[in-house]
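Peer 1: For reference, the structure I am asking about is given below.
The values are calculated or read from the model by the stated rules, or taken from the named source; none is laboratory data. Computed from a predicted model, the values in this text were never measured in an experiment. In this analysis, Cβ positions are derived from the backbone assuming ideal geometry, glycine residues included, and neighbour counts consider all displayed protein chains. All accessible areas refer to the heavy atoms of the entire protein, side chains included, with ligands and DNA or RNA removed. Shrake-Rupley method; radii C 1.70, N 1.55, O 1.52, S 1.80 Å.
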Amino acid sequence: MTEVASPRHSIRFHGRSYHAMVLAPEPPAANWLAELDTWLERSPGFFFGRPVVLDLAVLQPGKQGLTELLQNLAGRNVKVMGIEGAEPSWLDFAMPPLLLSGRQASVIPGDNPPAAAEPPAPAPFSDPAPDAAAPLFDAPSPPGDASSATAVAAPSQQPNSLLLDSSIRSGQCIVHPEGDVIVVGSVASGAEVIAGGSIHIYGTLRGRAIAGSRDARARIFCRKLEAELLSIDGLYMVADDMPAHLRGQPIQVWLDGDSMMIAQD
Amino acid sequence: MAKVLVVTSGKGGVGKTTSTAALGAALATAGKNVVLVDFDVGLRNLDLVMGAERRVVYDLINVVQGDAKLAQALIRDKRVPTLSLLPASQTRDKDALTDEGVARVIAELKEKFDWVICDSPAGIERGATLAMRHADVAIVVTNPEVSSVRDSDRIIGLLDSKTEKAEKGERVEKHLLITRFDAARAGRGEMLNVEDVLEILSIPLLGIIPESFEVLRASNLGSPITLNNPVSAPARAYFDAAKRLNGEALDMTIPSDRKGLFGKLFGRRAA
């Protein structure tokens with residue numbers, strides 16, 4: 001998140017939808033390729049310049065099969081821009097990316113390594129000791145939703161907020177890319193809370209709150225504003241930009257188009 | 001049951017070594033067997049503050065690496081027989097400390113003493129993390145000043161995550177010691193007041209040590225303030241803190257020296 005901290009520019013990330021042709025090979029792969037060949041004989045330039053997404057939910061080729069299929073398609077001048085319905089383990093870095101349509105299956109690491117050890121249990125906030133092993137680095141997928149789950153699995157409907165019972169100490173970084181973060185204590189100066197959704201802080205916010213990395217409608221709420229930086233969806237405001245009369249007040253922050261709004265609650 | 005106590009702060013120059021010496025001496029005069037371990041390898045100070053610099057033969061690194069026996073490296077204090085010092089090495093650096101070696105030395109010290117007090121170096125790197133690693137109790141030393149408070153907050157986070165106890169799911173008992181406190185300046189808003197610091201750090205208060213020229217004088221004489229001038233305000237504050245460490249419940253007061261005009265002028269200049 002160093003970009004957000006830089007004094008001038010912020011990098012904004014957008015989601016955008018595109019049209020692409022989806023090829024869904026059927027087993028056996030050899031027959032399907034032969035059919036494709038006869039089809040290409042009739043209209044040779046059909047795939048030229050067209051983005052193609054490969055849907056492997058039916059074929060289920062495995063890692064080896066996928067490598068061969070991609071080579072065969074490349075030999076026929078079919079450019080594959082993305083893969084759908086595949087196990088993440090089939091793919092290597094040189095292959096087109098796996099398209100998940102927002103169904104995230106892997107941890108997105110933050111810049112700051114977590115100050116604490118990895119959360120020991122999949123349900124970190126059920127820990128009875130409030131301070132011990134705070135889930136500084138919560139895996140976004142809920143328990144049971146292993147990263148090996150196929151993309152065809154139904155997206156999880158469980159509430160995806162992260163509740164933290166203790167204060168966030170300086171230097172700690174909470175990253176929760178998939179939902180809201182609720183902090184019952186305070187967020188210290190030099191600490192960072194990053195959420196895909198909204199951020200609710202029931203103590204004093206002295207550090208940074210970076211909300212809505214996936215949602216421009218996200219908001220930041222806190223009982224007492226002493227923040228170093230507030231950010232929603234890539235737009236940010238440092239302490240100097242915050243209205244002086246709101247210091248120490250309970251506030252909320254939201255986005256109105258391209259401007260950040262801040263008001264006393 | 002021996003307790004391992006780490007005196008830490010994050011920020012340098014806030015009074016870790018002074019507090020280690022003063023509290024160690026206070027606990028020892030109360031009859032406890034106390035050893036002070038200097039973890040500031042490469043920048044050792046505790047031997048000077050304890051007045052033992054001319055008696056150092058072996059040090060912590062020698063013992064950690066197995067070149068010397070613990071008994072050879074321990075220096076017994078001449079004033080309080082129940083107080084010992086394990087000095088750091090001045091010629092090596094913190095990389096010479098190994099996890100296993102430190103664990104072995106701490107385990108051995110726990111058999112011999114009631115209190116093992118580790119003087120942590122400043123910073124959050126290897127020396128500091130190893131000093132706090134085996135702690136049961138931590139004293140976080142803070143000056144009433146924003147940068148010190150924020151660094152202390154960072155250290156509290158590390159105490160909750162990087163110590164042996166935290167990794168086992170237990171908690172290190174944490175206490176806040178505010179040093180160099182000047183009630184008059186805090187009243188004028190030139191310093192953070194005690195409530196501000198407590199609100200930010202939210203750990204129990206062990207004591208408030210008033211700013212005093214006596215502290216610097218004792219350091220330069222190579223004597224902990226609690227031995228050098230036991231009736232001075234900071235020494236009384238340290239004695240109270242030591243009693244609270246032993247589980248006594250005392251009212252929190254800020255001792256002050258009743259100084260004349262001359263004393264006040266002199267005190268301010270010396271500080």
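Peer 1: Determine whether region A:182-193 contains at least one residue that is open to solvent by less than 30 Å² (accessible area, probe 1.4 Å) and away from chain B (no Cβ under 14 Å).
Peer 2: Looking through region A:182-193, none of the residues is open to solvent by less than 30 Å² (accessible area, probe 1.4 Å) and away from chain B (no Cβ under 14 Å).
Peer 1: Let me ask something else about it. Mind listing whichever residues of region B:159-195 are in a helix (DSSP H, G or I) and either free of Cβ contacts under 8 Å to residues at least 12 places away in the same chain or away from chain A (no Cβ under 14 Å) (or both)?
Peer 2: B:ALA166, B:GLU167, B:ALA183, B:ALA184, B:ARG185, B:ALA186, B:GLY187, B:VAL194, B:GLU195 - these are the residues of region B:159-195 that are in a helix (DSSP H, G or I) and either free of Cβ contacts under 8 Å to residues at least 12 places away in the same chain or away from chain A (no Cβ under 14 Å) (or both).
Peer 1: Further question on the same structure: Kindly evaluate B:VAL146 against the criterion of being touching a Ser or Thr at 6+ places or on another chain (Cβ under 6 Å) and within 14 Å of chain A (Cβ to nearest Cβ).
Peer 2: Numbers: touching a Ser or Thr at 6+ places or on another chain (Cβ under 6 Å): no; within 14 Å of chain A (Cβ to nearest Cβ): yes.
Criteria not met by B:VAL146.
Peer 1: Of all helices (runs of 4 or more DSSP H) completely enclosed by region B:221-271, which ones contain at least 3 residues that are within 24 Å of B:ALA52 (Cα to Cα) and at pLDDT 90 or above?
Peer 2: Qualifying helices (runs of 4 or more DSSP H): B:225-228, B:233-245.
Peer 1: Then there's this: Would you tally the residues in region B:228-241 being open to solvent by less than 40 Å² (accessible area, probe 1.4 Å) and more than 15 Å from the chain's Cα centre (by Cα)?
Peer 2: So the count comes out to 3.
Peer 1: Can you tell me which of (1) more than 8 Å from every other protein chain (Cβ to nearest Cβ); (2) open to solvent by 10 Å² or more (accessible area, probe 1.4 Å) is the one B:ARG154 doesn't meet?
Peer 2: Among (1) more than 8 Å from every other protein chain (Cβ to nearest Cβ); (2) open to solvent by 10 Å² or more (accessible area, probe 1.4 Å), the lone unmet condition for B:ARG154 is (1).
Peer 1: Quick one: what pairs do we get from region A:194-211, first residue within 14 Å of chain B (Cβ to nearest Cβ) and within 15 Å of A:ASP265 (Cβ to Cβ), second of a type in the set (S, T, N, Q) and open to solvent by 10 Å² or more (accessible area, probe 1.4 Å), C-beta under 6 Å, 6+ apart or different chains?
Peer 2: A:GLY203/A:SER186; A:THR204/A:SER186
Peer 1: Here is a further query. The conditions are (1) open to solvent by less than 50 Å² (accessible area, probe 1.4 Å); (2) more than 16 Å from the chain's Cα centre (by Cα), and B:ALA184 fails exactly one of them. Which is it?
Peer 2: Looking at each condition in turn, B:ALA184 falls short on (1).
Peer 1: Go through region B:43-73 and count every residue that is surrounded by fewer than 19 Cβ atoms within 10 Å (Cβ to Cβ), assigned to a loop (DSSP other than H, G, I, E, B) and within 18 Å of the chain's Cα centre (by Cα).
Peer 2: Summing the residues that are surrounded by fewer than 19 Cβ atoms within 10 Å (Cβ to Cβ), assigned to a loop (DSSP other than H, G, I, E, B) and within 18 Å of the chain's Cα centre (by Cα) in region B:43-73 gives 1.
Peer 1: Quick one: A:PHE46 ticks every box in (1) modelled with pLDDT of 85 or more; (2) more than 22 Å from the chain's Cα centre (by Cα) except a single one, so which number is it?
Peer 2: Here A:PHE46 clears every test but (1).
Peer 1: Now for a different question. Which of the residues belonging to region A:168-181 are facing chain B (nearest Cβ under 10 Å) and in contact with a Leu (Cβ under 9 Å, 6 or more places away or on another chain)?
Peer 2: A:ILE168, A:ARG169, A:GLY171, A:GLN172
Peer 1: Follow-up question, since we're still on this one. Quick one: how many residues across region B:74-102 are farther than 19 Å from B:ALA25 by Cα, open to solvent by 40 Å² or more (accessible area, probe 1.4 Å) and not in a loop (DSSP other than H, G, I, E, B)?
Peer 2: 4
Peer 1: Another question, then. Can you say whether A:GLU226 is open to solvent by 10 Å² or more (accessible area, probe 1.4 Å), within 21 Å of the chain's Cα centre (by Cα) and within 14 Å of another protein chain (Cβ to nearest Cβ), as far as the supplied structure shows?
Peer 2: For A:GLU226, the condition - open to solvent by 10 Å² or more (accessible area, probe 1.4 Å), within 21 Å of the chain's Cα centre (by Cα) and within 14 Å of another protein chain (Cβ to nearest Cβ) - is not met.
Peer 1: Additional query: So, in region B:113-141, how many residues would count as being part of a loop (DSSP other than H, G, I, E, B), touching a helix residue (DSSP H, G or I) at 6+ places or on another chain (Cβ under 6 Å) and either surrounded by 24 or more Cβ atoms within 10 Å (Cβ to Cβ) or of a type in the set (Phe, Trp, Tyr) (or both)?
Peer 2: The total comes to 2.
Peer 1: Name every residue in region A:40-63 that is touching a helix residue (DSSP H, G or I) at 6+ places or on another chain (Cβ under 9 Å) and open to solvent by 30 Å² or more (accessible area, probe 1.4 Å), in order of residue number.
Peer 2: Result: A:PHE46, A:PRO61, A:LYS63.
Peer 1: Please determine whether any residue of region B:6-13 is out of contact with any helix residue (DSSP H, G or I) (no Cβ under 8 Å at 6 or more places or on another chain) and over 22 Å from B:THR179 (Cβ atoms). If you could, list the steps in order and put the result at the bottom.
Peer 2: Residues of region B:6-13 out of contact with any helix residue (DSSP H, G or I) (no Cβ under 8 Å at 6 or more places or on another chain): B:12-13.
Then drop every residue that is not over 22 Å from B:THR179 (Cβ atoms), which leaves none.
Checking region B:6-13: not a single residue is out of contact with any helix residue (DSSP H, G or I) (no Cβ under 8 Å at 6 or more places or on another chain) and over 22 Å from B:THR179 (Cβ atoms).
Peer 1: Suppose we filter B:GLY24, B:GLY42 for residues that are of a type outside the set (A, V, I, L, M, F, W, C) and in contact with a Lys or Arg (Cβ under 9 Å, 6 or more places away or on another chain); which single one remains?
Peer 2: B:GLY42
Peer 1: Going by what's in this entry, would B:THR18 be described as under 16 Å from B:VAL137 (Cβ atoms) and open to solvent by less than 40 Å² (accessible area, probe 1.4 Å)?
Peer 2: In short, no.
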